[in-house]
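These notes are about the structure you will find just below.
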Amino acid sequence: MIISSATRCDDQSIIAEMVRWLGYPIYIVEMPLRRRPIYNEKYFYTRGGVAYNQQVYDMTRSEILALKKKLEELTGKEITAEDLHQALKKVNRIRELARKIPAL
């Protein structure tokens, strides 16, 4: 399974088709570009203080929930909030350690 985000450019499409040709399933996540809201546009602020256009937020949320469902089907395991919390802790720890590599 390959998960791709952002827009589907020609290179991504070619690579996806090559991987599919090799017999691997492909699942592409279409993630809209986050942009600043324009005047009179419906938006809200996240807990981190980032302004989000409601339509972009709704589409992103829908794509993430569809990905979650697909991963649950693939693994046969429900993804819980605690699973996500623990995974994010691990990823953040890896990022923290990776930032220290240049100093070594």
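The values are calculated or read from the model by the stated rules, or taken from the named source; none is laboratory data. Keep in mind that what you see is a predicted model, and the values were worked out from it rather than measured. Positions of Cβ are backbone-derived with ideal geometry, glycine not excepted, and every protein chain shown enters the neighbour counts.
Below is a table of values for the structure above.
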| read-out | value |
| --- | --- |
| Flag for I79 being surrounded by 10 or more Cβ atoms within 10 Å (Cβ to Cβ), farther than 27 Å from Q12 by Cα and either in contact with a helix residue (DSSP H, G or I) (Cβ under 8 Å, 6 or more places away or on another chain) or not assigned by TED's automatic domain parsing to the domain that holds Q12 (or both) | yes |
| Tally of residues being surrounded by 11 or more Cβ atoms within 10 Å (Cβ to Cβ) and not in a loop (DSSP other than H, G, I, E, B) across the stretch 39-68 | 18 |
